[in-house]
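Asks: The structure follows.
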Amino acid sequence: MGNCLKRATTDDISLLRGSDSVRETSSDQLGPSPYQETLPIQAASPVYHPSPSVTRSVGQLTEEEQVKIAKRIGLIQHLPTGTYDGCKKARECVICMVEFIVGDTVRYLPCMHTYHKSCIDDWLMRSLTCPSCMEPVDAALLTSYETN
Amino acid sequence: MAGLSPSERRLQKELMSLMKEPPPGVVVDVDLAEQNILQWIIQMEGVSGTLYEGEQFQLQFKFSRKYPFDSPEVTFIGANIPVHPHVYSNGHICLSILTDDWSPALSVQSVCLSIVSMLSSCKEKKRPPDNAFYVKTCNKNPKKTKWWYHDDSV
């Protein structure tokens, strides 16, 4: 697999809608406030999770982990986001267990499972799998590019 | 539920649903959980028709502030630790969803169901082969153990 993450301009533009930075916090969000990492003291220094149970500050990351996380960030940005429109198929974000409210910012995974954007981004930064079906998001994303 | 952190809010919801619709044989100590939402005690009954019929077990769940991104720490506590090939005599449980295969879509309820089913499918009551060594050398926190999930049959 080549370094395809950087070449955003050649990709399907529709996938890039709302592809803002993963660490960005949206303060104007209405409704339930989904998960956001709360950092007690050293709020300035973000922490990362090479795997779900491992927490490291930027300085503690090995080179391999940095690459892993950079790839993750790149990939997450390619996953479509949208606004919850009252669709009956997805009623609740299974991460925060709060029902979706029309207008919530949501993210769609290739398996079509839907979550609050900030909830799922927090998980994807730890593991690139769908929490509901455990499908690896990176493999599924590549397949969806090939078939569409 | 204003003023609660997202993990506390989710745990409150889980507590309410576990209280209202508990899986069969599972009872959560609500008072204790309400005193400290990050530490629950759950009573579990051995299912009738299985090797654990008539037995009572106690499970302790400890949650971190990163729950549900971080898996809960789940151990058997108390006088009766089930004798099972995946349960060490100190209460530690070798179950992949508690570490490597954890997902934030899992819940206290689904963990309880997994443990009930793990016990119910047991064919022979015995401790894990490395019990004595593990119990002597392990960390107090089972999540610190690098588990090697070698057997999916029970």
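Asks: Could you do me a favour and compute the accessible area per residue for chain B, 1.4 Å probe, result in Å²?
Replies: Accessible area per residue: 50 Å².
Asks: Which pairs, out of A:71/B:144; A:117/B:62; B:62/B:144, put more than 22 Å between their alpha-carbon atoms?
Replies: Over 22 Å Cα-Cα: A:71/B:144; A:117/B:62.
Asks: Something else now. May I ask you to find the residues of the range B:84-115 that are shielded by at least 20 Å² of accessible area once the whole protein assembly is considered instead of their isolated chain (probe 1.4 Å)?
Replies: B:102, B:103, B:104, B:105
Asks: Shifting gears a bit: Which longest uninterrupted range of chain B lacks any GluC sites (Glu not before Pro) assigned by DSSP to a loop state (not H, G, I, E or B) and surrounded by at most 15 other Cβ atoms within 10 Å?
Replies: No qualifying site falls inside B:56-123, the longest such stretch.
Asks: Hey, another quick one. Please check chain B for the longest run free of chymotrypsin sites (Phe, Trp or Tyr not before Pro) that are loop-located per DSSP (anything but H, G, I, E, B) and have at most 16 other Cβ atoms within 10 Å.
Replies: Longest run free of exposed loop sites: B:1-146.
Asks: Separate question: At the nearest 100 Å², what buried accessible area, both sides summed, do you get for B and A when the probe is 1.4 Å? Write down the numbers at each step before the final one.
Replies: On the way: alone 8390 and 9260 Å², together 16190 Å².
Heavy-atom accessible area buried at this interface is about 1500 Å².
The values are calculated or read from the model by the stated rules, or taken from the named source; none is laboratory data. Predicted model, so just to flag it, every value in this text is computed and none were measured. Positions of Cβ are backbone-derived with ideal geometry, glycine not excepted, and every protein chain shown enters the neighbour counts. These accessible areas exclude ligands, DNA and RNA; they are computed on the full protein's heavy atoms, side chains included. Shrake-Rupley method; radii C 1.70, N 1.55, O 1.52, S 1.80 Å.
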